[in-house]
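Chemist: For reference, the structure I am asking about is given below.
The values are calculated or read from the model by the stated rules, or taken from the named source; none is laboratory data. Worth saying up front: this structure is predicted, and the values here are computed from it rather than measured. Ideal geometry is used to build each Cβ from the backbone, glycine not excepted, and the neighbour counts take in all protein chains shown. These accessible areas exclude ligands, DNA and RNA; they are computed on the full protein's heavy atoms, side chains included. Shrake-Rupley method; radii C 1.70, N 1.55, O 1.52, S 1.80 Å.
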Amino acid sequence: MTHPMDLIPAPLRVEGPYRCGFVLDRETTLYAAPGTGTTERWLRTTLGAAFALPLRDTADENAAHSIRLRIDDTLAPEAYRLHVLVDEVVEITGGGPAGVFWGAQTLRQLLGPDAYRKAPVRSAPVAGLAAQTIEDAPRFGWRGLLLDVSRHFMPKDDVLRYLDLLAAHKLNVFHFHLTDDQGWRIEIRRHPKLTEVGAWRARTKWGHRASPLWTETPHGGFYTQDDIREIVAYAAERHITVVPEIDLPGHAQAAIAAYPELGNTDVVDTAALTVWDTWGVNPNVLAPTEAVLRFYEGVFEEVLGLFPSTFVHVGGDECPKDQWKASPTAQARIEELGVGDEDGLQSWFIRHFDRWLAARGRRLIGWDEILEGGLAEGAAVSSWRGYAGGIAAAEAGHDVVMCPEQHVYLDHRQAPGEDEPMPIGYVRTLEDVYRFEPVPSGLSPEAAAHILGTQANVWTEVMENRSRVDYQVFPRLAAFAEVAWSALPAPEARDHAGFERRMRTHYRRLEALGVDHRPPAGPHPWQRRPGVLGRPLEGTPPKV
Ligand code: ACM
């Protein structure tokens, strides 16, 4: 049996475990009150499969020998209580359907690492439970992971697997970075060349952009609209919101390669552009024209039809202004719109889509560059260049998701030394992530209330497949999940040694799930990439 203190993320309160307990078996039934259907289905397909438990339905809410799922709306929607009682009863009571689901994730952890397998591995599968009571609720409502599927495409089944990994860590936002210079990954019916042309590239830089190496195999892929519907529905079953990102007005070369008229045709021969095959900040940005707005409105119309999320991410990061400075068309637009300069054009793009989304009942979220030149009303900010953008936005009354690159960019290397594959950025260890604090000290209480939560971001330039993504993401996502969910003390007072002790059990869960995490002692030989250049930065990241 797992000790409750092996739970990750740590719950708010635990009573027990007591020495008594019982074993779930083929006679254990399942009572699912109205509103708990997602958890009912999930328990049968996961725990049912792992231990060969039929979990037969019962309509008797007081049946002994039963898992009971209930809703008690006096609890917060994501809060839950889990009772393991000695008369062979497990009661999971959530404030809403999501709370019940997070309680079921805790139940799975209590059942031991074999609960994370897809079929029984012992002839008499044992799912033992100690009597105990757990009361739990998340610290933040936005607990996210960004996955960049543009730099390297992640096949649909691997995306679904990541949603399962998020759910297992009680994370509830999947920020889906669908478009960038290196690939357009979502089918848009009215603009088919976005994927016919924009979803693949002939070759790919192997390593950091300074590396001399190339992979000459064509790379690409995209999600059909039915694939997207499936991903969104699979996420919804797991109480995860998918926030789509369509990046503009920078990070748009794949779209310009497909439709050259989207670019600044008076300063570059955009017809000669291809989907970008290397990394960095790209000068080929969208032209500030009405035609470009109409094109992207068409894109967003289809995006809104596929993603029910209130928030829609429009990027807004890293938009070099050189082409707009050189472009007579852009300069004429600055005059005509009266926006002053090129930063004003960037704001004009963002404000346009802010109003456009608001008129359709949605809310815009963008990277902290959208603060430059004035933040659009109602817009929320993903604070990535440190805390400063998020602080300024929150103090001005805007909602903020904290994801500072110095702390929670999981593409950054997680150990010093030569063995880390294609090392990028500062060393950010498991402990560093464990001590990350999403709400900077000194924020006024009103501003702090605007911190919706936090997310970890995974940019995949140097991650060519799912296994490389796993290596960068795990084990650090476990620490991040605890930061996002649990009521932890101030960073320096956090019990990192205790977390590492619990991680011993958690590594066994991850391994049962088939996660190619970084081993604590360093990479396996096949996880190294000897001779492939990264861009490690020395020292500790500057305070931000
Ligand atoms: C970003 O990392 N450019 C948001």
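Chemist: Show me the ranking of peptides 255-262, 334-341 by mean Cβ neighbours inside 10 Å, starting with the highest. Working shown, then result.
Modeler: Details: 255-262: 22.0, 334-341: 12.9.
Top of the packing list down: 255-262, 334-341.
Chemist: Let me ask another. Step by step: find N for the range 466-544, compute 2.2 N^0.38 Å, then divide the Cα radius of gyration by it. What's the final number? Write out the running numbers ahead of the final one.
Modeler: Details: Rg = 14.9 Å, N = 79, 2.2 N^0.38 = 11.6 Å.
Dividing the Cα radius of gyration by 2.2 N^0.38 Å gives 1.29.
Chemist: Please turn the phi angles of the range 505-521 into ³J(HN,Hα) values with the Karplus equation 6.51 cos²θ - 1.76 cosθ + 1.60 (θ = phi - 60°), one per residue in order, whole Hz, x for glycine and proline.
Modeler: After applying 6.51 cos²θ - 1.76 cosθ + 1.60, I find 5, 5, 4, 5, 5, 4, 5, 4, 7, x, 8, 8, 5, 6, x, x, 8 Hz.
Chemist: Relative contact order of the chain: what whole-number percent is it, with Cα pairs under 8 angstrom and at least 6 residues apart?
Modeler: Numbers: 1221 pairs, mean separation 79.1, N = 544.
Contact order relative to length: 15 percent.
Chemist: Placing unit charges on C-beta atoms (Lys and Arg positive, Asp and Glu negative, everything else neutral), compute the dipole magnitude of the chain about its Cα centre in debye, rounded to 20. Mind dumping the intermediate values first?
Modeler: Values: 56 positive and 74 negative charges, 298 e Å.
In debye, rounded to 20, the chain gives about 1440.
Chemist: Identify all aspartates and glutamates with a Cα-Cα distance to Lys193 below 13 Å; exclude those on the same chain that are fewer than 8 residues away in sequence.
Modeler: The reachable aspartates and glutamates, counting only those whose Cα sits under 13 Å from Lys193, are Glu261.
Chemist: Now for a different question. From the mean inverse distance of alpha carbon pairs (Kirkwood) and the Cα radius of gyration, derive Rg over Rh for the range 1-88. Write out the running numbers ahead of the final one.
Modeler: Working: Rg = 13.7 Å, Rh = 14.5 Å.
Rounded to two decimals, Rg/Rh equals 0.95.
Chemist: Turning to a different aspect of this structure: May I ask you to evaluate 6.51 cos²θ - 1.76 cosθ + 1.60, the Karplus curve with θ = phi - 60°, for each residue of the range 116-128 and list the ³J(HN,Hα) values in order in whole Hz, giving x for glycine and proline?
Modeler: Here the 3J(HN,Hα) series is 9, 8, 9, 7, x, 10, 10, 5, 10, x, 10, 10, x Hz.
Chemist: So what are the three principal axis dimensions of the chain from its Cα atoms, in whole Å, longest to shortest?
Modeler: Here the Cα extents, ordered largest to smallest, are 78, 52, 47 Å.
Chemist: Treating cross-link reach as a plain straight distance, find the aspartates and glutamates whose alpha-carbon is under 14 Å from the alpha-carbon of Lys118, omitting any fewer than eight places away in the same chain.
Modeler: Leaving aside aspartates and glutamates fewer than 8 places away in the same chain, those within reach of Lys118 are Asp164, Glu511.
Chemist: Using a 10 Å cut-off on Cβ atoms, rank the peptides 167-175, 15-23, 508-516 from the highest mean neighbour count down. Present the calculation step by step, with values, prior to reporting the outcome.
Modeler: Details: 167-175: 24.7, 15-23: 14.3, 508-516: 18.0.
Descending mean neighbour count gives 167-175, 508-516, 15-23.
Chemist: Would you kindly derive the ³J(HN,Hα) couplings of the range 350-364 from the backbone phi angles with the Karplus curve 6.51 cos²θ - 1.76 cosθ + 1.60 (θ = phi - 60°), listing them in order in whole Hz, with x for Gly and Pro?
Modeler: Using θ = phi - 60°, the values come out as 5, 4, 4, 6, 4, 5, 4, 5, 4, 5, 10, x, 10, 10, 7 Hz.
Chemist: For the range 1-125, give me the percentage of DSSP beta bridges that are antiparallel, rounded to the nearest 5 percent. Show your work: numbers first, answer last.
Modeler: Values: 6 of 18 bridges.
Bridges in the range 1-125 that DSSP calls antiparallel: roughly 35 percent.
Chemist: Within 10 Å, count the other beta carbons around each residue, average over each peptide in 424-430, 525-531, and list them highest first. Could the numbers behind the result be given before it?
Modeler: Working: 424-430: 19.3, 525-531: 12.0.
Descending packing order for the listed peptides: 424-430, 525-531.
Chemist: Residues with amide H under 5 Å of Asp341's amide H, sequence separation 5 or more or different chain, H placed in the peptide plane at 1.01 Å from N; which?
Modeler: So Asp341 has HN proximity to no qualifying residue.
Chemist: Non-local amide H neighbours of Ile67 (under 5 Å, H modeled in plane, Pro and chain starts lacking H): which ones?
Modeler: Thr29, Leu30, Tyr31, Val90
Chemist: Ignoring ligands, DNA and RNA, please state the percent of accessible area on the range 272-321 from carbon and sulfur, probe 1.4 Å. Could you put the intermediate results ahead of the total?
Modeler: Values: 860 of 1450 Å².
Here it works out to 59 percent.
Chemist: Follow-up question, since we're still on this one. Which one of Ala493, Tyr116, Pro530 has its Cα pushed farthest toward the positive end of the charge dipole of the chain, where Lys and Arg give +1 and Asp and Glu give -1 at the Cβ?
Modeler: In the chain, that residue is Tyr116.
Chemist: With bins 5 Å wide starting at 0, give me the P(r) of the range 208-286 over every alpha carbon pair, in whole percents.
Modeler: 3, 12, 16, 16, 16, 16, 12, 7, 2, 0
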